[in-house]
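Q: Next up is a structure, given as structure tokens.
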Amino acid sequence: MKTVLLFSFLLSLAASCGEKPDSLSSNDAGVSSEQPVQDGKEYFINNSGDTIYYVNKTTAEWRDALNSNEFHILREAGTEPAFSGDLLEEKRKGSFSCAACGLVLFESETKFKSGTGWPSFYTPADPTHVGEIEDTSYGMVRTEVVCNRCGGHLGHVFKDGPKPTGLRYCINAASLDFETESDQ
């Protein structure tokens, strides 16, 4: 009985940050035809007033830029096994950026231990840097989280996080790079 309960629990954890079969391609990287264009490049203005240009590469260019695990997660909406990511126990002050394009996504002050096996944050560094897409795979309705600059799959967001937001951004460590505050 304990084995069955443990197996059920592990399956539910995997599903909470699981991979999405309908992956993002380089052509649907969150870029809308309604976005402003400057010098032929689509962009958005973040909350700090900075101009953020979209990164849109071919599949071959992404394969050259990322290792196989990063490519699977960021470009094919995959997931890493729970408790396997190298940033899960990261406790230093700094920022977490997209491993594909370098856009800062989360700050260490918003990271918390969720016990799910993936790095978790209660809010993005800048809400304009992180996009949300409805994900209905596996017979569930979840909210997928993507990098708004390159469209890379990061993980999912759930409404079971700590105060002040009550949100839990459950993020694959392989989709992130970490830079300590002293290196910035």
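Q: Can you pick out the pairs among 57/93; 57/91; 113/159 whose Cα atoms lie more than 23 Å from each other? Each step should come with its number before you reach the end.
A: Details: 57/93 31 Å; 57/91 33 Å; 113/159 15 Å.
Among 57/93; 57/91; 113/159, the Cα-Cα distance tops 23 Å for 57/93; 57/91.
Q: Right, something else. Using DSSP to define loop residues, name the trypsin sites (Lys or Arg not before Pro) in the range 136-184 whose beta-carbon has at most 11 other beta-carbon atoms within 10 Å.
A: Loop-located and lightly packed - 159.
Q: By the gyration tensor of its Cα atoms, with a ≥ b ≥ c the square roots of the eigenvalues, what is the shape of the range 104-169: rounded for a/c under 1.5, prolate for a/b over b/c, or oblate?
A: Since a/c reaches 1.5 but b/c is at least a/b, the shape of the range 104-169 is classed as oblate.
Q: Would you kindly work out the equivalent ellipsoid of the range 19-183 from its C-alpha gyration tensor and give its semi-axes, the square roots of five times the eigenvalues, largest first in whole Å?
A: Numbers: eigenvalues 107, 70, 53 Å².
Calculated on Cα positions only, the semi-axes equal 23, 19, 16 Å.
Q: Assuming a ≥ b ≥ c are the square roots of the Cα gyration tensor eigenvalues, decide whether the range 58-136 counts as rounded (a/c under 1.5), prolate (otherwise, with a/b larger than b/c) or oblate.
A: Verdict is prolate for the range 58-136.
Q: In the range 124-184, if the dipole is taken from +1 on Lys/Arg beta carbons and -1 on Asp/Glu beta carbons about the Cα centre, which of 129, 170, 180 is farthest to the positive end?
A: Checking the options against the dipole of the range 124-184, the answer is 170.
Q: While we're looking at this one, here's another question. With charges only on Cβ, +1 for K and R and -1 for D and E, what is the dipole size of the range 130-173 about its Cα centre, in debye, rounded to 20?
A: Values: 5 positive and 5 negative charges, 40 e Å.
In total the dipole reaches around 200 debye.
Every number here is computed from the coordinates shown, using simple stated rules; none is lab data. Predicted, not measured: the structure shown is a model, and the values here were computed from it. Neighbour counts are summed over all protein chains in view; Cβ atoms, including those assigned to glycine, are modelled from backbone coordinates with ideal geometry.
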